[in-house]
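These notes concern the structure reproduced below.
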Amino acid sequence: MTESMLIADFDMSELMLREIKRMGVNIVLDDFRTGYSSLAYVLRLPVNTIKIDRSFVLDLDIDPDGRARPLVGTVVALSKSLGFRALAEGVETEEQRKVLHEAGCDSIQGFLVSPSLPAEEFFEFVKERNG
């Protein structure tokens, strides 16, 4: 579920997410950003994982002004301190993966791991990866 979808009708979204979580489904908040509204909403939601927006990940291996790494580290630390797992999207380089790993990010997704795959190819990909 994306952040913008939640904000459109927050109270209804919160009720539906709580019911879904009671069924045992893990909930991931997609496209998380660090604005005030994001933080205010996320505190009320029954999410398991915060998916860090790729816009935060893009500059990790370049980081011309030295701000990208501390920002991502702060988002990861915030996620964990609130009891959420941290997942970063849009990871394309080994340097980005390394920085995220050092920051304590739990999971990554992006072209470094694999492009999006149709279901049949996904199952084959998993089989190959797991021997």
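For the stretch 47-108, pairs of C-alpha atoms spaced more than 15 angstrom apart make up 39 percent of the total. Once the C-beta distance of residue 26 and residue 93 is scaled by a Förster radius of 35 Å, the resulting FRET efficiency is 0.80 to the nearest 0.05. Excluding residues on the same chain fewer than 8 positions from residue 51, give the lysines whose Cα lies under 23 Å from its Cα. Straight-distance partners of residue 51: 21, 80, 98.
Bear in mind that the values in this text are calculations on the coordinates, not laboratory data. Since the structure is predicted, the reported quantities are computational estimates derived from the model, not experimental observations. Virtual Cβ from ideal backbone geometry, glycine too; neighbours counted across all protein chains shown.
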